[in-house]
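Have a look at the structure below, then the notes.
Since every read-out is calculated from the coordinates, none of them should be taken as a lab result. Everything numeric here is computed off the predicted structure, so don't read it as measured data. Glycine also receives a Cβ, built like all others from the backbone with ideal geometry; neighbour counts cover every protein chain displayed.
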Amino acid sequence: MTVLRLLVTLCFSNKRSRKSSLPTTALIALAMTVVLMSCADSMKHDEELAGKRAIEFAQAVFVDRNFEKGYDLLSDGGKRHLSREKLKETVTRMHPRGFPDKVTAKEFQPMPGEKAIWIYLAGQNADDQFGYRLTMEANGKGDYKVLTFDSGGVGRMFSPLSEKKPFNTPISTK
């Protein structure tokens, strides 16, 4: 914000004539654009690793219902917003008619400018099908942990900033 404030001050405090301040204003506007664009650089994600970590979480929580192990697979940010008890309660509420026997990571969607990537999962059992979206947060050490998860229906009305892409080879639970 300080850089932006400085650039705005430079634009409007030019004491030269209006005619000569136009090129200066254009140059400052260009500099502001470059600065703002550099803030939104996209991170290169390892979608295969993020998908594998999402499947590890799905195996523990959705298939095996091992909520203790699942809690350990949450990122620090995920743990700040979800206690162990709330994790169990939330997952149980998401599955009123049963849990999946198998879950597959089918698609991913980078989040431009963020250190997170969405992983879309499909689950099934003999009677039902399930959809999930996991937000996988990069930890800065080349690995991923679960930040959030939902049934995949949240946010469908919003236009995505990037497109969903299929995994070359879908990744599944055991």
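Overview of values
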item: Protection proxy ranking, peptides 67-76, 113-122, 50-59, average beta carbon neighbours within 10 Å, highest first; result: 50-59, 113-122, 67-76
item: Karplus (6.51, -1.76, 1.60) ³J(HN,Hα), θ = phi - 60°, over segment 68-85, in Hz, Gly and Pro reported as x; result: 4, 5, x, 4, 5, 8, 7, 6, 4, x, x, 5, 5, 9, 9, 7, 4, 5
